[in-house]
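J.: Structure in structure tokens, see below.
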Amino acid sequence: MEIRLEKASAGERKAKPDASALGFGRHMADHMFVMAWSQEKGWHDAAVTKYASFAMDPAAMVLHYGQAIFEGLKAFRGKDSRIHLFRPTANFERMNRSAERMCMPQIPVDEVMTGLRMLIEADADWVPDVQGASLYIRPTMIATEPALGVRPSNRYLFYIITCPVGAYYPEGFNPVKIYVTDKYVRAVPGGVGAAKTAGNYAASIMAAVEAQKAGYTQVLWLDAVERKYVEEVGTMNIFFAIGDEVITPPLAGTILPGITRQSVIQLLKDWGGKVVERKISIDEVFDAAENGRLKEIFGTGTAAVISPVGALHFKERDCTINNGRTGELSQRLFDHLQGIQYGELPDSHHWVETL
Ligand code: COI
């Protein structure tokens with residue numbers, strides 16, 4: 001498939017935000033990648049064009065029944081000025097698994113990778129050169145057929161937008177406070193919890209708002225059946241360092257198969273650590289805190305990177321983890337992962353694609 005390149009003119013380019021105060025997801029870069037899908041033509045009309053609004057039919061199916069999936073990955077600028085993408089193909093492969101679950105078409109990974117490289121080259125000067133900042137990349141697919149019957153759309157739009165970002169949480173790399181809820185659930189067995197689909201995030205907002213009102217940064221979800229086993233946090237997977245083990249909930253269909261999660265499991269194994277994917281109840285976590293065996297909790301995600309957890313609240317129980325400070329393991333993982341992502345440490349698993 002040919003990919004057209006229509007670059008923004010000098011006058012259409014936006015002023016860049018201050019790289020030391022980026023926040024997350026507020027400043028979109030100058031270009032985007034777009035391509036359309038129809039039953040008759042398959043994927044077609046691929047282009048890197050200037051960033052612009054879409055015209056959309058009010059009956060577009062995504063606006064009614066939520067056939068929407070997305071991804072999140074990052075490009076990092078190394079000290080040598082080169083740009084490194086972290087595990088981009090893993091994201092597009094996961095997007096295809098989300099697409100399958102949501103009855104949406106598969107994307108051609110090689111062609112989309114070509115489009116992504118063209119996009120990042122067009123917006124190379126948007127990749128920040130400040131340590132801790134990166135260019136966040138958001139591939140998205142939506143159903144665009146104007147029709148109100150509940151069935152798979154026969155037209156889709158795939159696009160990629162990017163934005164320079166700093167830390168996802170206002171706390172930066174400092175520990176976050178997490179609110180455990182059993183009032184709401186994120187995903188049910190047989191549902192869409194393992195797909196990165198927009199509705200999962202919409203459904204999480206009410207619990208997040210309540211947690212924030214109570215002074216917490218994020219929600220930790222429990223399983224929907226027993227409301228007992230830990231699943232994941234709103235925007236990240238979760239790990240517990242208890243005794244000499246690092247435990248993370250297994251991928252059993254209700255949690256997002258995080259690429260950072262998988263990378264962290266691999267790094268822990270490389271270091272000879274004992275990392276276990278198993279069910280862990282919230283009571284086990286609080287009990288381990290009470291008997292001194294809980295050493296650290298941290299979340300993992302593209303946006304969150306490694307995010308230490310300093311406090312947990314569940315019903316009448318509260319605990320402070322590692323005196324509310326970043327633990328040694330969280331720090332080591334953060335430093336190592338970022339070292340690989342910025343091209344400063346050996347990339348023994350070939351996770352990084354340098355442009
Ligand atoms: C990511 O980490 O890339 C995510 O998609 C989480 C979030 C910001 C929705």
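J.: What is the spin-label model distance, in nm, from Arg4 to Thr114 if the labels are put 7 Å beyond Cα along the C-beta direction?
T.: It works out to 1.6 nm between the two label points.
J.: Need one number: convex hull volume per residue for the stretch 99-184, Cα atoms only, in Å³. Before the final figure, lay out each step's value.
T.: Values: hull volume 15.5 nm³, N = 86.
Output value, Cα hull per residue: 180 Å³.
J.: With a 1.4 Å probe and every protein chain left in place, tell me how much accessible area Lys7 has, in Å² to the nearest 10.
T.: Lys7 has an accessible surface of roughly 110 Å² with all protein chains in place.
J.: Roughly what % of Cα-Cα distances in the chain sit above 33 Å, to the whole percent?
T.: Values: 18796 of 62835 pairs.
Within the chain, distances greater than 33 Å cover 30 percent of Cα pairs.
J.: Which of Ile282, Ile137, Ile83 moves the most in a Gaussian network model of the chain with Cα springs under 10 Å?
T.: Among Ile282, Ile137, Ile83, the largest mean-square fluctuation in the Gaussian network model of the chain belongs to Ile282.
J.: Shifting gears a bit: Take Glu145, Glu2, Glu284, Glu277 and sort them by solvent-accessible surface of the protein heavy atoms, 1.4 Å probe, largest at the top. Mind dumping the intermediate values first?
T.: Values: Glu145 15, Glu2 145, Glu284 60, Glu277 90 Å².
These residues rank, largest area first, as Glu2, Glu277, Glu284, Glu145.
J.: Nearest 0.05, what FRET efficiency do Val209 and Val188 give at R0 = 35 Å with Cβ-Cβ as r? The partial results should precede the final answer.
T.: On the way: r = 21 Å, r/R0 = 0.61.
Approximately 0.95, to the nearest 0.05.
J.: Students often get this wrong: which residues of the stretch 1-36 have the backbone nitrogen under 15 Å from the point 7 angstrom along Cα-to-C-beta of Val130?
T.: 16-28
J.: If you don't mind, there's one more thing I want to ask. Add +1 for every Lys or Arg and -1 for every Asp or Glu among the other residues with Cβ under 15 Å from the Cβ of Asp45, and state the total.
T.: Working: positive: Arg4, Lys41, Arg155; negative: Glu2, Glu6, Glu40, Glu111.
My count for the surroundings of Asp45 gives -1.
J.: Once a ≥ b ≥ c are taken as the square roots of the eigenvalues of the Cα gyration tensor of the stretch 150-215, is the result rounded (a/c under 1.5), prolate (a/b larger than b/c) or oblate (a/b not larger than b/c)?
T.: Details: a/c = 2.82, a/b = 1.32, b/c = 2.14.
Oblate, because a/c is 1.5 or more while a/b does not exceed b/c.
J.: Place +1 on the Cβ of every Lys and Arg and -1 on the Cβ of every Asp and Glu in the chain, take the dipole about the Cα centre, and give the residue among Gln338, Ser9, Phe92 whose Cα lies farthest towards its positive end.
T.: Result: Ser9, furthest along the dipole toward the positive end.
J.: A further question follows. In the stretch 20-109, what GluC sites (Glu not before Pro) fall in a loop by DSSP, with at most 13 other Cβ atoms inside 10 Å?
T.: Values: sites: Glu40, Glu71, Glu93, Glu100; in loops: Glu40, Glu71.
Answer by residue number: Glu40.
J.: First select every other residue whose beta carbon is under 14 angstrom from the beta carbon of Arg82; then total the charges, Lys and Arg +1, Asp and Glu -1. Don't jump to the answer; show the numbers that get you there.
T.: Numbers: positive: Arg77, Lys79, Arg117; negative: Asp80, Glu121, Asp125, Asp129, Glu344, Asp347, Glu353.
Value of the local net charge: -4.
J.: Here is a follow-up. Provide the solvent-accessible area of His349, counting protein heavy atoms only and rolling a 1.4 Å probe, rounded to the nearest 10 Å².
T.: Here the residue's solvent-accessible area equals roughly 70 Å².
J.: For Lys295, go through the lysines and keep the ones whose alpha-carbon is under 23 Å away, minus same-chain ones fewer than eight residues off.
T.: Lys177, Lys228, Lys269, Lys274, Lys279, Lys315
J.: I need the shape label for the stretch 3-165. Rule: rounded when a/c is under 1.5, else prolate if a/b > b/c, else oblate, with a, b, c from the alpha carbon gyration tensor.
T.: Details: a/c = 1.94, a/b = 1.73, b/c = 1.13.
Prolate shape, in that a/c is at least 1.5 and a/b is the bigger ratio.
J.: With Cβ to Cβ distances under 15 Å as the rule, what net charge do the other residues near Ile205 carry (K, R +1; D, E -1)?
T.: Working: positive: Lys183, Arg186, Lys213; negative: Glu210.
Overall, the nearby charge balance is +2.
J.: Moving on to the next point. Rank Leu220, Leu268, Leu294 by mean-square fluctuation in a GNM of the chain with C-alpha springs under 10 angstrom and give only the top-ranked residue.
T.: Leu268
J.: Label-point separation (nm) for Phe24 and Glu277, each offset 7 Å from Cα along Cα-to-Cβ?
T.: Reported label-point gap for Phe24 and Glu277 is 2.4 nm.
J.: Provide the per-residue ³J(HN,Hα) series for the stretch 187-204, in order, calculated from phi with Karplus coefficients 6.51, -1.76, 1.60 and θ = phi - 60°, each as a whole number of Hz, with x at glycine and proline positions.
T.: 8, 10, x, x, x, 10, x, 7, 8, 8, 10, 3, x, 4, 7, 4, 5, 8
J.: Okay, moving on. Give me the accessible area of Trp43, 1.4 Å probe, in Å² rounded to the nearest 10.
T.: 40 Å²
The values are calculated or read from the model by the stated rules, or taken from the named source; none is laboratory data. Quantities reported herein were computed from a predicted structural model and do not represent experimental measurements. Here the Cβ is made from the backbone with ideal geometry for all residues, glycine too, and neighbour counts use every protein chain on show. Please note that ligands, DNA and RNA were not included when accessible areas were found on the heavy atoms of the full protein model with its side chains. Shrake-Rupley method; radii C 1.70, N 1.55, O 1.52, S 1.80 Å.
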